[in-house]
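The values are calculated or read from the model by the stated rules, or taken from the named source; none is laboratory data. Note that the structure is a prediction, hence the values are computed from the model and not measured. Here the Cβ positions follow ideal geometry from the backbone for every residue, glycine too, while neighbour counts run over all protein chains shown.
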Amino acid sequence: MASETTLAPTHRAIVLHSLDTPLKVEQRPTPQVTPGNVVVRVLAANVLSYGRDILDGTRPYPYPKPYIPGGSAVGRIAAVGSDCSTFTPGQLVLVDIMMRARDDTSVSYLLGIHNGFSSKTVKLATDEWRDSTYAEYAKIPLENCYPLDEARLLGDPASGGLGYTVDDLTYIHRLLVPFGGFRDIDLKVGETILIGPATGPYGTAAVSLALALGAKVVAMGRNAQVLEQLATMSDKVKTVQITGSVGADTEAIKKHGPIDVFFDISPPVAAESTHIMSGILSLAHSGRVSLMGGIAGNISIPYGAIMFNDLKLHGKFMYERKDVRMLIKMVEKGVMGLGKKVGARVEGKFGLEQWDEAFTAAKENAGPGQSVIIAP
Ligand SMILES: NC(=O)c1ccc[n+]([C@@H]2O[C@H](COP(=O)([O-])OP(=O)(O)OC[C@H]3O[C@@H](n4cnc5c(N)ncnc54)[C@H](OP(=O)(O)O)[C@@H]3O)[C@@H](O)[C@H]2O)c1
């Protein structure tokens, strides 16, 4: 295992200089550890289905350039700062790119994806915490690394292990997003949750997670084939196809009710979709809505229905630190499965030089349980 003293002076990293020029793999100085952080050898970093759109400006996510893009990852500690009490070199960790200012934890952004919405987040992303995980090594705040029980997670099932691979573990990040929303909205065992759209990467992860948490699921989406696949996961999953008619879809959803929670994970292009209105209108009295999609603009909401039915609307950006620890525990205890247990699979694993193929594969493999990783 690498240790602080054995790190080479340079490492390979993908660098974005401008939205108009292609990414480049460059030799960069290896990040140096200082108090408050660790340096991680990145083993596998997630690629978003819309990752290319971020890096070519189709999704206008602001970020100071040049920078090393990245996604949440699994890695091994390579070097620890003098104030580190938990980690040791070689230890397997989950790397979370949800950055929070240490002096104001409400200030948050995504390392290597989006520099947030305030001058404070832009400052952090510009000055100290800019480079992310599409690199051999990444400097990560101590508190953004979570220990993983390697013997349990990767160990042989014959000796009490769960038999996962490092690649399987990257799905924890996919589950974390809906987990943040479910915890925020207080999804309870036995409740019925409407998930829409349920056919994309986060939507399908939300379905698996809701089942593991003991909820019944109504999966809503446009794609009949994927909905059929979701229905085979459990007899607790019912499906409703979005037809574009708010009235008809609301009635179809209500047949599987009462609906306690509506979890929305719409991409920006779904801003005009009727499912948001039918989702809210199908809720039972005192129902809760979790808005976690990527819609940046305005949508119309049924004001009267929200008021008369005591509905609660929550927005949630990512998740809390305690959620990360709790989900890891669920996975380590075997309550939440990964890999084959939930139909999750890494469809493509690419080196840094293969970034173009990685982004293409991520877009093409955005169905139930599918994911793509970069393994630097
Ligand atoms: N709040 C947070 O912290 C957070 C974190 C991560 C991601 N997000 C947001 O979550 C969104 C979903 O991410 P993702 O990776 O799962 O999927 P995505 O690739 O962004 O979107 C694909 C999903 O959206 C559906 N869809 C696309 N166009 C639609 C339309 N016009 N009407 C209805 N449904 C439509 C697709 O359904 P079909 O199968 O019918 O095409 C599929 O279910 C992202 O766009 C992102 O902005 C938010």
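A few comments on the model shown:
- Where ARG325 falls short, out of the listed (1) under 23 Å from PRO141 (Cα atoms); (2) part of a loop (DSSP other than H, G, I, E, B): (2)
- Top-ranked residue of region 328-363 - restricted to ones that are of a type in the set (Gly, Ala, Ser) and within 17 Å of PHE179 (Cα to Cα), ranked as surrounded by the most Cβ atoms within 10 Å (Cβ to Cβ): ALA344
- Residue in region 141-161 that is farther than 25 Å from GLU26 by Cβ, acidic (Asp, Glu) and within 15 Å of the chain's Cα centre (by Cα) present: no
- The one condition in (1) more than 30 Å from ALA135 (Cβ to Cβ); (2) within 11 Å of the ligand (Cβ to nearest atom); (3) surrounded by fewer than 19 Cβ atoms within 10 Å (Cβ to Cβ) that ALA296 fails to fulfil: (1)
- Filtered by the rule that a residue be within 14 Å of the ligand (Cβ to nearest atom), more than 17 Å from SER371 (Cβ to Cβ) and touching a strand residue (DSSP E or B) at 6+ places or on another chain (Cβ under 7 Å), region 223-239 gives ALA224, LEU227, THR239.
- Of the strands (runs of 3 or more DSSP E) lying entirely inside region 126-216, those containing at least 3 residues that are within 16 Å of the ligand (Cβ to nearest atom) and surrounded by 23 or more Cβ atoms within 10 Å (Cβ to Cβ) span 192-196.
- In region 245-254 there is at least one residue that is within 28 Å of HIS285 (Cα to Cα), more than 10 Å from the ligand (Cβ to nearest atom) and in contact with a strand residue (DSSP E or B) (Cβ under 6 Å, 6 or more places away or on another chain).
- Residue in region 224-235 that is closer than 20 Å to GLY339 by Cα, more than 22 Å from the chain's Cα centre (by Cα) and not in a helix (DSSP H, G or I) present: yes
- The single condition from (1) more than 16 Å from the chain's Cα centre (by Cα); (2) under 18 Å from LEU169 (Cβ atoms); (3) not in a strand (DSSP E or B) that LYS349 fails is (3).
- Among the residues of region 175-187, just one is charged (D, E, K, R) and either outside the structural domain of VAL217 (by TED's automatic domain parsing) or closer than 19 Å to VAL218 by Cβ (or both), namely ASP186.
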